[in-house]
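Following: one structure in structure tokens, then a few remarks.
The values are calculated or read from the model by the stated rules, or taken from the named source; none is laboratory data. Computed from a predicted structure; not experimentally measured. Note that each Cβ is placed from the backbone with ideal geometry, even for glycine, and that neighbours are counted across all protein chains shown. Note: areas computed on protein heavy atoms with side chains; ligands, DNA, RNA excluded. Shrake-Rupley method; radii C 1.70, N 1.55, O 1.52, S 1.80 Å.
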Amino acid sequence: MKPRTRPEDLRSHRWFGRDDLRSWGHRSRARQAGFTREDMSGKPVIAILNTWSDANPCHTHFRLRAEDIKRGVWQAGGFPMEIPLLTLGETFMKPSTMLYRNLLAMDAEEALRSYPADGVVLLGGCDKTVPALLMGATSANLPAILVPAGPMLRGNWRGETLGSGTDVWKYWAERRAGTLDECSWREMEDGIARSFGTCMTMGTASTMTSAVDALGMTLPGASSIPAADSAHPRMASAAGRRIVEMVWEDLRPRDIMTTAAFENAVTTAMAIGGSTNAIIHLIAMAGRAGAALDLVRFDALSRRTPFIANIRPSGAFLMEDFYYAGGLLAALARLRDLLDTSCVNVTGRTMADAIEGATVFNDEVIASREQPLGPEGGVAVLRGNLAPDGAVIKHTAAERRLLQHAGPAVVFRNYNDLAARIDDPALPVTADSVLVLQDAGPLGAPGMPEWGMLPLPKKLLAQGVRDMVRISDARMSGTAYGACVLHVAPESFVGGPLAFVQDGDIIELDVPARRLTLRVSDDELARRRASWKPRQVAYPRGYGHLYARHVTQANRGCDFDFLEGTAPIADPEIH
Ligand code: FES
């Protein structure tokens, strides 16, 4: 147990507590903002890193939630300081928020380092915001709590429940097949996103907030609370109260984010049928925390974890149903024997304490261990001569007949090529073909966009085909479904074998054996490699230039190489 921090040991004391010119200046500027000496003297400064923006509709409520957090901070004897950061609005930001995840992580880390923060509450939820904020806070290693945005309410159309993303892909396929009229399509546009909050399917947002909850970095169970539920602002103010105590206790992210805690997070992501994006993000986060996590461990944990959360896209329900069924804590209670329940969370207590008494109220939504929805987790890690450093597939969201499949490749050089030719009636494609997309990885796209759920050719949709094997170095939206092999590493842009696939090559997918094989001889592959001409990176300057020089491949989490690790960086000098 660490000794309690004294007021004069607070990091902010260097800014505000000394009898020198600079501290006088800092205090006088706090007076400028309307705060008295009594408001802040000797109190922990709590940064509230807020990713609110008009450009991020999932975070519409964050200005209110920041006030809820401040209320808690004041109540507990802290001094709140809200700091706006870059927002990563998944729907509006192009080419991909993934291009900017590391920029937000740097934004968070440097804000915490350069301002007088003693602890931090992170306000995030929409996809990349959660890993980015955690990566930054982990590197800064100040006491931290995430307040997750919470899932939005269920979508509704003519009495039918709609799920973010998942039902978009589903009904878009019907629209392309000519079976859904324009009026219905427009009504869905009005009814699918009914409140603030994150996608209410088990997409990347709900996967990451649930995983981070299991990791121990939210108040226990916070990730399941719908954004529009009054429990959400109550959770936010409780986080404000708790972070002040965490500062006095000196409880820091790296005390919580251990290898065992990451394994709990992975087990959770697998049991809830989580997004494949979680693999990239959790590996990157572990790299910042100094914890051991790689694709091999991911696959091993997935194989031993039953799939129990019946949430779209792999299941039938939505996050609101999950909350009413008992939420994450009830699901974790059902996984107790697979978790290290001695791991400590932001409360300073253990996961065992958090799940004590947690109850499942609806076995249809959270399945029992005796009758799980599937015997193993949702994600499989594949290897083979087409993906020497790995690839992934969310097999619970694919048609089962495709999990062992061999077929001829139909290759698209990039997304524009795909868009131009996929609906060409003359495209030589059948339901047995394997669609291959190149140049969609971390560097090739760039930013590894969610292009991995390649659209099916219209002529096959009209024949009733609804799933095919698709392979790319891209990611896939966590709300999407289909037999999509993703994150192929190394990517085609850097000369991974995916770059050398040609039309008609036979590709074999064998998920039970975890194999992805290009049935082309080594000699032929070497011949194709010798005649391959790499493309130049598109950025002569700017952030993209930095990104292109330093981003790692998907199997390493796509962090920047210079941000990985735990080497300490000194606090700024104050002169
Ligand atoms: Fe924000 Fe899905 S678009 S969470």
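Principal-axis analysis of the Cα atoms of the chain puts helix 295-304 at an angle of about 80° to the longest axis. Averaged per residue, the chain has 38 square angstrom of accessible surface, using a 1.4 angstrom probe with ligands and nucleic acids left out. Straight-line reach from LYS459: taking Cα to Cα under 24 Å and skipping same-chain neighbours fewer than 8 places apart, the lysines in range are LYS170.
Compared with the rule-of-thumb size 2.2 N^0.38 Å for a compact globular protein, the range 1-47 has a Cα radius of gyration ratio of 1.21. Heavy atoms only, probe 1.4 Å: what % of the accessible area of the range 444-567 goes to carbon and sulfur, would you let me know? Summing carbon and sulfur atoms, their accessible area is 51 percent of the total for the range 444-567.
Short-range pairs are left out: with C-alpha atoms under 8 Å and at least six residues apart, the relative contact order of the range 475-575 is 20 percent. Return the carbon/sulfur percentage of the accessible area of the range 1-54, one whole number, probe 1.4 Å, all protein chains in place. Within the range 1-54, the accessible surface is 52 percent carbon and sulfur. Take every pair of alpha-carbon atoms less than 8 Å apart whose residues are at least six positions apart; their mean separation over the length of the range 189-315 yields a relative contact order of 31 percent. Determine the alpha carbon to alpha carbon distance for each of LYS394/LYS458; LYS128/LYS394; LYS128/LYS533; LYS94/LYS533 and list only those over 29 Å. Among LYS394/LYS458; LYS128/LYS394; LYS128/LYS533; LYS94/LYS533, the Cα-Cα distance tops 29 Å for LYS128/LYS533. Kindly provide log₁₀ I(q)/I(0) values, in the same order as q = 0.19 Å⁻¹, from the Debye equation applied to equal alpha-carbon scatterers of the range 64-160. So the normalised log intensities work out to -0.93. Rounded to the nearest Hz, the phi-derived 3J(HN,Hα) couplings of the range 44-50 under the Karplus curve 6.51 cos²θ - 1.76 cosθ + 1.60 (θ = phi - 60°) are x, 8, 10, 6, 10, 7, 10, where x marks glycine and proline. Enumerate the lysines that LYS70 could reach by cross-link, defined here as Cα to Cα under 23 Å, with residues fewer than 8 away along the same chain left out. Those lysines meeting the cut-off are LYS43.
The alpha carbon convex hull volume per residue for the range 298-353 rounds to 111 Å³.
The length gained on full extension between ALA231 and ARG29, counted as 0.36 nm times the residue separation minus their Cα-Cα distance, comes to 69.1 nm. For the peptides 311-317, 143-149, 46-52, 360-366, residues were scored by their other Cβ atoms within 10 Å and the scores averaged per peptide; the highest-first order is 143-149, 46-52, 311-317, 360-366. Backbone amide hydrogens, once placed in the peptide plane, bring PHE317 within less than 5 Å of ILE311, ARG312, excluding anything fewer than 5 places away on its chain. Per residue, the chain reaches -10000 deg cm²/dmol at 222 nm when only DSSP H runs of four or more residues are counted, each adding -39500 (n - 2.57). If you wrap the chain in the convex hull of its Cα atoms and look at it from every side, the mean projected area works out to 26.7 nm².
If you sort ASP505, ASP190, ASP181 by accessible surface, 1.4 Å probe, largest first, the order is ASP190, ASP181, ASP505. In this structure, the amide hydrogen of ARG383, modeled 1.01 Å from its nitrogen in the peptide plane, lies closer than 5 angstrom to those of ARG515, LEU516, counting only residues at least 5 positions away or on a different chain. Under the convention that each Lys and Arg Cβ holds +1 and each Asp and Glu Cβ holds -1, the size of the dipole of the chain around its Cα centre is about 700 debye. A cut-off of 5 Å between modelled amide H atoms, ignoring neighbours fewer than 5 places along the same chain, links MET81 with ILE46, ALA47, ILE48. Helix 231-249 versus the longest principal axis of the chain: what is the Cα-based angle in degrees, 0 to 90, to the nearest 10? For helix 231-249, the angle is close to 60 degrees.
For the range 149-240, the relative contact order works out to 39 percent when only alpha carbon pairs closer than 8 Å and six or more residues apart are counted. The string of couplings for the range 213-226 from the Karplus curve (6.51, -1.76, 1.60, θ = phi - 60°) is 4, 5, 5, x, 9, 10, 4, x, x, 4, 5, 8, 6, x Hz, one whole number per residue in order, with x for Gly and Pro. In angstrom, the C-alpha Rg and Dmax of the range 260-389 are 14.9, 48. Share of carbon and sulfur in the accessible area of the range 279-422 stands at 47%, probe radius 1.4 Å.
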